[in-house]
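So the structure is just underneath, and the comments pick up after that.
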Amino acid sequence: MAETKKLLRALAGEIQDVPPIWMMRQAGRYLPEYRATRAQAGDFLSLCYNPDLAAEVTLQPIRRYGFDAAILFADILLIPQALGADLWFVTGEGPRLSTITSQSDFDVLKPATDIHETLSPIYETLRILTRELPSETALIGFAGAPWTVATYMIAGKGTPDQAPAHALREGNPALFDALIERITEATIDYLSMQIEAGAETVKIFDSWAGSLKGHAFQKYALEPCRRITAALKEKHPDIPVIGFPREAGEKYVGFAKATGVDCVALDNSVDPEWAAANVQVDGCVQGNLKSSHMVTGGQALIDDTRRIVKAFSKGPHIFNLGHGITPDADPENVQLMIDTVRGG
Ligand code: CP3
């Protein structure tokens, strides 16, 4: 049967008059219904591990806006937690984790094969979603890329320049490589289980890829993404993979070919015309409206949205933001973006 879901058609390379659309962090604090369900769950992590409520918040933006895809509600930091790290969220500040800076910290981590007991509620969320989603809506699974996940595990929190992770990478490469290896193995297992539970495509978020330069980018952004993609393709050859090496700049060029991903997600630091000529030539791209338009709205939102749709109109394209929508966004601006993409 011919594929009917717009997102999966774009990932298969089809050029569409109106691109499919979804939004990073589409289930989130800018929506009053999300804030209500999170309050019902108690806190963010309890929401992630409650399959009924996690499925509910995944569905909220689909009901409100009719996006072409739903993204599983979870977090990239559940993998460190499943490997045995402590994880908690400080309101208004972000995630906190126990740190990995020595061999003895690393030695307490569990083997990659032991993550599923902790993560089984996530697979249940996906199973619920396969039943509840409208038939035209694709279901996206995801994980963090090993480098990005490692930056949080090493520093114990988000850092502006990822300095603690770079310091370990340079100061104790054997330990750093072992950590990347453990996360890579766990990620392959985790994404395979997500696919078996119903994910129709998976996205690998490398939010901090841009801070890896030269050979380090090859070794720690490109190579883990290539390995994860190859392992998934071996088991699930028909499942497309989306890579997001955020802020990769010039290194977006050739990324799809080098890693085997079916689609490259672009942040908003690259011009759409440049990306169409240099990245989309190799296949589907996703992006790349700047998230701040969801706060400010108006004619600038309309103009930039039209520019992106036009720039990518000659190849396969998935319309998205260049990064996640922020809590201060106005839900009406999201509707304006969608109307502009769909209505011209
Ligand atoms: O709607 C979706 O996109 C699906 C769910 C999703 C979340 N996080 C939910 C979330 C996804 C795909 C992520 C990915 C994620 N998580 C990334 C990669 C993408 C990116 O943004 O660069 C990263 C780096 C994380 C780690 C993380 N989680 C941080 C740094 C924070 C704190 C910042 C913040 O926005 O509060 C989170 C929390 C988080 N993850 C929230 C949500 C909805 C907010 C939690 C809340 O409700 O208070």
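What to note about this one:
- The loop-placed trypsin sites (Lys or Arg not before Pro) in the stretch 157-263, going by DSSP, that have at most 15 neighbouring Cβ atoms within 10 Å of their Cβ come out as LYS157, LYS213.
- Sequence-ordered 3J(HN,Hα) estimates for the stretch 121-136 from the Karplus curve with 6.51, -1.76 and 1.60 and θ = phi - 60° stand at x, 5, 5, 5, 4, 4, 4, 4, 5, 4, 7, 9, 6, x, 5, 8 Hz, glycine and proline given as x.
- Rounded to 0.05, the FRET efficiency of the ASP330 and GLN103 pair, given R0 = 45 Å and the Cβ-Cβ distance, is 0.40.
- Cross-linked pairs LYS203/LYS251; LYS290/LYS314; LYS5/LYS235; LYS110/LYS251: Cα-Cα separations exceed 30 Å for LYS110/LYS251.
- Cα lying deepest toward the dipole's positive end in the stretch 2-265, options TYR220, GLN16, LEU119, charges on Cβ: GLN16
- Cysteines without a disulfide-compatible neighbour (Cβ-Cβ under 4.7 Å), the chain: CYS48, CYS225
- Cα-centred dipole magnitude for the chain, charges only on beta-carbon of K, R (+1) and D, E (-1), debye, nearest 20: 440
- Modelled spin labels at ARG63 and ALA230, positioned 7 Å past Cα toward Cβ, are 4.5 nm from each other.
- Annotation: amide H-H contacts under 5 Å for ALA145 (H modelled 1.01 Å from N, sequence separation of 5 or more, or interchain): PHE205, ASP206, SER207.
- Listed values for the stretch 312-319 are Karplus-derived 3J(HN,Hα) couplings in whole Hz (6.51 cos²θ - 1.76 cosθ + 1.60, θ = phi - 60°), namely 9, 6, 8, x, x, 8, 10, 6, and x replaces Gly and Pro.
- Bridge type composition, the chain - antiparallel percent by DSSP, nearest 5: 15
- Computing FRET efficiency as 1/(1 + (r/R0)^6) for ARG127 and THR91, where r is the C-beta to C-beta distance and R0 is 25 Å, gives about 0.25.
- Rounded if a/c under 1.5, otherwise prolate or oblate - the stretch 232-334, Cα gyration tensor axes: prolate
- Based on C-alpha pairs under 8 angstrom that are at least 6 apart in sequence, the chain has a relative contact order of 20 percent.
- In Hz, Karplus ³J(HN,Hα) per residue of the stretch 25-34 (6.51, -1.76, 1.60; θ = phi - 60°; x = Gly, Pro): 6, 5, 8, x, 5, 6, 9, x, 5, 5
- Amide H within-cut-off set for LYS290, under 5 Å, with H built and near neighbours excluded: GLY322
None of the figures in this text is laboratory data; all of them are computed from the coordinates on show. Quantities reported herein were computed from a predicted structural model and do not represent experimental measurements. All Cβ positions, glycine included, derive from the backbone under ideal geometry; neighbour counts span all protein chains shown.
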